[in-house]
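A quick write-up on the structure given underneath.
The values are calculated or read from the model by the stated rules, or taken from the named source; none is laboratory data. Given the structure is predicted, the values throughout are model-derived calculations rather than measurements. Note: ideal-geometry Cβ built from the backbone for every residue, glycine included; neighbour counts use all protein chains shown. These accessible areas exclude ligands, DNA and RNA; they are computed on the full protein's heavy atoms, side chains included. Shrake-Rupley method; radii C 1.70, N 1.55, O 1.52, S 1.80 Å.
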Amino acid sequence: MTAPTLAMERTALAWRRTALGAAVCALLFAHEATTEDGMWIVLPCAAATAAVLLSGLGWYRGRSLGRGRSAGGHRLVSITTLVVTLVILIAVAEVLLGSRYAS
């Protein structure tokens, strides 16, 4: 193993910021789920679950890069992209459906 470089350190910090941002989004979606009633509670719960998984993934990747392990990055970036896209789609659906069916 080689010593971590500055680029790896910056990338590890970026993954940690991603984890922190995803955790905050999960809290916001969880708050939305607790204030919502009816069948539309599924959307914020699904987004909160995906954001928690993304937070764990970001924390794991940041920690492994901080320790100097850089293998397997392409797969994690692809998974992260898919999860972020899923959360965005759920958030858009929540806004559109929530405004349509609001009392």
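Leu20 satisfies every condition listed in (1) at pLDDT below 85; (2) surrounded by fewer than 16 Cβ atoms within 10 Å (Cβ to Cβ) except (1). Of the residues making up the stretch 28-41, those that are aliphatic (A, V, I, L, M) and either outside any helix (DSSP H, G or I) or surrounded by 14 or more Cβ atoms within 10 Å (Cβ to Cβ) (or both) are Leu28, Ala30, Ala33, Ile41. Taken together, the criteria exclude Leu76 from residues that are open to solvent by 90 Å² or more (accessible area, probe 1.4 Å) and modelled with pLDDT of 80 or more.
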